[in-house]
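The structure appears right after this line, and notes come after that.
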Amino acid sequence: MSDVIFPAKVTITREVDVYGLPVTRAYVEVDDETKTIPLPAGKPGEPGPRGRPRAPWVKAGEVATEAGLPTGLGADDRGKWWHVLATNDMWTWTGAQWRQSVDAVGPQGPVAPSAIVNVIETISNPKLRIAGADLKGVGAERDLRITVPAGPRGDTGPVGPSGSVRTSDDYDNTVGLVNGSLFAWNRITRKLRAMPPPGPIGLWAKGPADFPATTSLGNFDTIDLVTIDIPALPFAWRPRVNGLIATYADDANRTGYPHVWARLNDPSGQPVAMGLNPFRTLRHEVTLCPYYSEQGGTATANNYGEAARLSASSTVGVVKPYEPAKIYIRIERDKGDATAGSNIQFVKTMPYVQVQALPLRL
């Protein structure tokens, strides 16, 4: 490209914009004669974008004979064709001239079957913003999957009813509830769970109507009184037994004390409560109090509370979760070191026994 030289007036200005940056501008002024000088051609530009494909043939109509073909067509009519009925020829306009295809139009085909579209899935996701469709299949029947985008955010709705913690996804239903249970967060499972109540549970009791009548005074080692059934609880626990029961021993000259014992799950099982009668020849209202020992005595000897020992990790008197329990209440004669003991007796006054479950965390 050759240069073109012409006279001109050039004015250069220097300013500062609102951000404090310098701005230089150049103004060129030429006379009227110079304005008529043709400028040289520039470099070729970049190729433009590819155009949309065009169908090779578009049927534009039918005519009886060749003489009925339209006139005045231009480049924009390229690809249009007409059916000449007399000869079944196809006449196509190329944009500049006609082109004949002899006997190219055949008889009309059969009617196609009705189209069937089965919508098999509609995906709605509030995070999506663009709709989409996937059409698959062969023939007239197709399967359609549609993605429905989210619409504009609506107004805030009213506050809904409060839900139940026990039906939520972050609640552990493997741990049962009882009256007084607390909810706590388990950092391992990352769920809420029920915890044992902080205080004792329940009150299972037996009163005078549940106790037998006054027994005869006799040479007994044990006298069975009542049994208390405790249902399965969803946590480990120890029974706390309290009560008041009257006993009697007849002979002050022979060793024998009618103590009251509460034992767990077996008449000779682990002791969980005891009441001492230190008297003979005197009816005594024995107070039954909680008692746990890893060194308990037998039913006929050494049945006294001085041997009570219990370590912090002991499982004596502990009922496991989800297991029922029985508390056996009976009188046991303590012969001490003697081979024979006093005759003993249960005296029915106003006896009662009460049991509560003390929750444990093992």
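List pairs: first in segment 17-45 and of a type in the set (Ser, Thr, Tyr), second open to solvent by 100 Å² or more (accessible area, probe 1.4 Å) and modelled with pLDDT of 80 or more, Cβ under 7 Å, 6+ apart or cross-chain? As it stands, the answer is 24/12; 24/14, since those pairs meet every condition given. The single residue among 119, 159, 111, 138 that is without any contact (Cβ under 8 Å) to a residue 40 or more places away in the chain, surrounded by 10 or more Cβ atoms within 10 Å (Cβ to Cβ) and β-branched (Val, Ile, Thr) turns out to be 119.
The strands (runs of 3 or more DSSP E) located wholly in segment 55-104 that include 2 or more residues which are open to solvent by 70 Å² or more (accessible area, probe 1.4 Å) and without any contact (Cβ under 8 Å) to a residue 60 or more places away in the chain occupy 58-63, 98-101.
Going residue by residue through segment 264-279, is there one that turns out to be in a loop (DSSP other than H, G, I, E, B), modelled with pLDDT under 85 and out of contact with any Phe, Trp or Tyr (no Cβ under 7 Å at 6 or more places or on another chain)?
Yes - at least one qualifying residue is present in segment 264-279.
Sort through 239, 258 and tell me the only one that's open to solvent by less than 20 Å² (accessible area, probe 1.4 Å), within 21 Å of residue 360 (Cα to Cα) and part of a strand (DSSP E or B). Criteria check complete, one pass: 239. Whether a residue is farther than 22 Å from residue 354 by Cβ and of a type in the set (A, V, I, L, M, F, W, C) was assessed, and residue 249 passes this test. Total residues in segment 174-195 satisfying the condition of being at pLDDT below 85, among the basic types (Lys, Arg) and within 30 Å of residue 127 (Cα to Cα): the figure is 0. The residues of segment 320-362 that are open to solvent by less than 80 Å² (accessible area, probe 1.4 Å), more than 20 Å from residue 240 (Cα to Cα) and at pLDDT below 90, listed by number, are 333, 334, 335, 336, 338, 340, 341, 342, 343, 344.
Please indicate, with yes or no, whether at least one residue in segment 33-54 is of a type outside the set (Gly, Ala, Ser) and either part of a strand (DSSP E or B) or touching a strand residue (DSSP E or B) at 6+ places or on another chain (Cβ under 8 Å) (or both). No, that holds for no residue.
Take the residues in segment 174-206 that are within 26 Å of residue 229 (Cα to Cα) and touching a helix residue (DSSP H, G or I) at 6+ places or on another chain (Cβ under 9 Å); name whichever of them is surrounded by the fewest Cβ atoms within 10 Å (Cβ to Cβ). Once the filter is applied, the top-ranked residue is 177. Here segment 201-236 is the region considered, the condition is being assigned to a loop (DSSP other than H, G, I, E, B) and β-branched (Val, Ile, Thr), and the residue that is nearest to residue 342 (Cα to Cα) is 215.
Residues that are of a type outside the set (Gly, Ala, Ser), modelled with pLDDT under 85 and assigned to a loop (DSSP other than H, G, I, E, B) within segment 151-173 comprise 152, 153, 169, 170, 172, 173, listed in sequence order.
The values are calculated or read from the model by the stated rules, or taken from the named source; none is laboratory data. Nothing here was measured: the structure is a model prediction, and the numbers come from that model. Don't worry about glycine lacking a Cβ; one is built from the backbone with ideal geometry, like all the others, and counts go over all protein chains shown. Calculation scope for accessible area: heavy atoms of the full protein, side chains included, ligands and nucleic acids excluded. Shrake-Rupley method; radii C 1.70, N 1.55, O 1.52, S 1.80 Å.
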